[in-house]
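The values are calculated or read from the model by the stated rules, or taken from the named source; none is laboratory data. These figures come from a predicted structure and were not determined experimentally. Reconstructed Cβ throughout: ideal geometry from the backbone, glycine too, with neighbour counts over all protein chains shown.
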Amino acid sequence: MPSMCGFVGMVRWSGLAPDEAGRMAGANRSLAHRGPDSAGLWHDAHCALAFSRLKVIDLSPAGDQPMANEDGSLQVVFNGEIYNFRALRDDLQKAGHTFRSKTDTEVLLHGYEQWGLDGLLPKLRGMFAFALWDAARRRLVLARDPLGVKPLYFAERDDALLFASEPKALFASGLVKPELDPVAVHEALTYRYVPAPRSGFKDVEKLPPGNAAIAERGGLVYRPWWRLAIDETATAEHHRARNRAFYDDGLAKGVMPRMQDYREYLEGRCLEALQDSVHSRLIADVPLGAWLSGGIDSGLVASFMRERGDVNSFAAGFAQPEWDERDLARASAKRLGTRHTEFELPADVFKLLPQIVWHCDEPFFDSSCLPTFVLSRETKKHVTVALSGDGGDEAFAGYERYVGMQQYARWRKWPGFLRSAIVALFGGRNGAHSRQGWDRIVRWLERCRAMEGQGFHPYIAAMDLFSQEQIRALYADGLAEELDGVDAREYLGGALRRSAQEAGLETGAGLFPATPTVLQRTDWATYLPGDVLHKVDRMSMAHGLEVRSPFLDCALIPLAAALPDAVKLPGRVTKPVLRRMARHRLPPAVLKARKRGFGVPLDDWFRGPLQKTAQEVFAQSRLVSSKLFQPRYWESLWNEHQDRRAQHGERLYALLALELWYAQFLSGAPVAECPSPLS
């Protein structure tokens, strides 16, 4: 296998200029954090490819990239892992292909020769982004994995197409100038991330997950190659037919077979699929470990790893108990017998924000980047590959907001006088006094009702950071006019509608299906690639750490999608399938613990150690001096937060990160190297 890496390249249909191959080599240096072990460059008259490699398997030069087929007519650069590459290589060797390395990169080359692009992509089990130059056809292929684990960006300029693992490499080439995409900023302030295909920069596109882009001289076209389909062998109909076959077979043999009930059958299938997914991700010629958060998902991953040998596990947390799950991680590590290492996150971790913003490239406001960045940095001191539990919440209904939508379905049916009485009793309490209490729940339920009253799916109220009204209050007149008529809620509303239609539910006027299946499908298509996977890729690759996520396996996802809602989330307890799977594997305290996630004490920071620094950044606002935002746009949020009339820590974090992002990428020349921490 190659490894987690980075690449940058370009095609100019009229022929490369004399300096453009050198420009790609220079731009590749901005990706050295993704692949610190070696660098490579290849070019012909029309195409140049540059690559930074992090060695994981086949550490020899035979695994270096760019890589060619036997006659040099195909060249590829590839970031990712193909976990079934050995089986595919065997098939290709039987068909007459000769391999010169032990990498999965060659499978892409020979697979493209043997099966074509449409035949190759569905056979790949893994996470990947690659660019393949077909010199004979004068054709460039860009492709990305089904769920968007690995990133890929591109920009068309005149008769050239440039592409890279990160936008900063495009800018480092000197051939793409970063320009603001106001709609992307509007969407980021709504959701904390920029949905594909936007990137934050005008005319720089992010290839959507499960898509290929085919570029020839006539232009570029998207070709979706993957769509979510349920595993038909997990349906109730298949289970009944299976039991009938077992019964008939037993009668013919004169025995009465034990028949599994449907729930037991599904849980067994999920266990086998997750176990197989974990085991397939244990191939490495470098040290390998596990992130152990203290939750069920990462604990199950570590338990299946432990079946194959010793495991190095890693956990991080703040000193404050309410922001620390290390006690639970420690209990799981003891139960599983892992070699466990813990890190305490520094109280001033927020000083790393300029570096995090630079690595994120896009306007991106998930504050859990801070602990993930430090965990990645410290983990890399011990191992090169880490398995994580990312994707478990989406696959097995682990988010409390899924339960919240069930509560809202009941709330909206209550008589208006009863809702009003409850709001008067709980909803008017000081917003800074509760994180988990009834007052917070009641305010959230009313936000859902208000969202629905405005004609949008109530689930959007669970996902937005700023309301559309709050965002528009930030903008200066010129930007407000440019964004007139843009409503970021249409993005998530459209995804929810498509998910409901795929689930066979009606979506007419005033109908907003919010079953666990609808929410799960929507999160797979939006929040998972836009937020979770973007964060994990950028924060881990900032330190040359490869993170593998077994819950994102292309065999497990269709199985999880097939689970009926009555199995997936029958009540208020999240992830019931995984909880039963973990009963004899993890400590009871882990199974009973409330989900906390990788939280950050933002509210306290903006009233304490981050207060002065944030004020200084806002006082010198580049967004204001560029006439994008209103003078002192932050002031009302800031004062409400300082006076404890509201908890605005997440919103202030987003505005602070946006200021730093604009200063780094759009206020003058883009910052070419990772900046220093805040002083």
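The rows are residues; the columns are (1) crowded, with 24+ Cβ neighbours inside 10 Å; (2) modelled with pLDDT under 95; (3) not charged (D, E, K, R).
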{"residue": "19", "(1), (2), (3)": "no, no, no"}
{"residue": "39", "(1), (2), (3)": "no, yes, yes"}
{"residue": "44", "(1), (2), (3)": "no, no, no"}
{"residue": "61", "(1), (2), (3)": "no, yes, yes"}
{"residue": "74", "(1), (2), (3)": "no, no, yes"}
{"residue": "87", "(1), (2), (3)": "no, no, yes"}
{"residue": "111", "(1), (2), (3)": "yes, no, yes"}
{"residue": "118", "(1), (2), (3)": "no, no, no"}
{"residue": "124", "(1), (2), (3)": "yes, no, yes"}
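Checking residue 136 against (1) farther than 22 Å from residue 546 by Cβ; (2) part of a helix (DSSP H, G or I): exactly one of these is not met. Which one? Exception for residue 136: condition (2). With respect to the conditions (1) outside any loop (DSSP other than H, G, I, E, B); (2) without any contact (Cβ under 8 Å) to a residue 40 or more places away in the chain; (3) touching a strand residue (DSSP E or B) at 6+ places or on another chain (Cβ under 6 Å), residue 240 lacks only one, and its number is (3). A count restricted to segment 250-298 and to residues that are under 30 Å from residue 60 (Cβ atoms) and either outside the structural domain of residue 340 (by TED's automatic domain parsing) or of a type in the set (S, T, N, Q) (or both) stands at 2.
Looking across 393, 366, one residue alone is farther than 19 Å from residue 36 by Cβ and not in a loop (DSSP other than H, G, I, E, B). It is 393. Just one of the listed residues (339, 281) is basic (Lys, Arg), surrounded by 21 or more Cβ atoms within 10 Å (Cβ to Cβ) and touching a residue at least 24 places away in the same chain (Cβ under 8 Å), namely 281. When residue 506 is tested against (1) touching a Pro at 6+ places or on another chain (Cβ under 8 Å); (2) closer than 15 Å to residue 390 by Cα, exactly one condition is not met: (2). Quick one: which residue in 257, 209, 224 is modelled with pLDDT of 90 or more and either more than 35 Å from the chain's Cα centre (by Cα) or buried (at least 16 other Cβ atoms within 10 Å of the Cβ) (or both)? None of the others qualify; the one that does is 209.
Name the residues in segment 454-501 that are closer than 16 Å to residue 515 by Cβ and outside any helix (DSSP H, G or I), would you? Within segment 454-501, 457, 458, 459 qualify.
Kindly indicate whether any position in segment 323-335 is in the same structural domain as residue 295 (by TED's automatic domain parsing), buried (at least 21 other Cβ atoms within 10 Å of the Cβ) and among the polar types (S, T, N, Q). The answer is yes, given that some residue of segment 323-335 is in the same structural domain as residue 295 (by TED's automatic domain parsing), buried (at least 21 other Cβ atoms within 10 Å of the Cβ) and among the polar types (S, T, N, Q). If we scan segment 449-460, do we find a residue that is buried (at least 17 other Cβ atoms within 10 Å of the Cβ), within 20 Å of the chain's Cα centre (by Cα) and either within 27 Å of residue 647 (Cβ to Cβ) or hydroxyl-bearing (Ser, Thr, Tyr) (or both)? For segment 449-460, residues buried (at least 17 other Cβ atoms within 10 Å of the Cβ), within 20 Å of the chain's Cα centre (by Cα) and either within 27 Å of residue 647 (Cβ to Cβ) or hydroxyl-bearing (Ser, Thr, Tyr) (or both): present.
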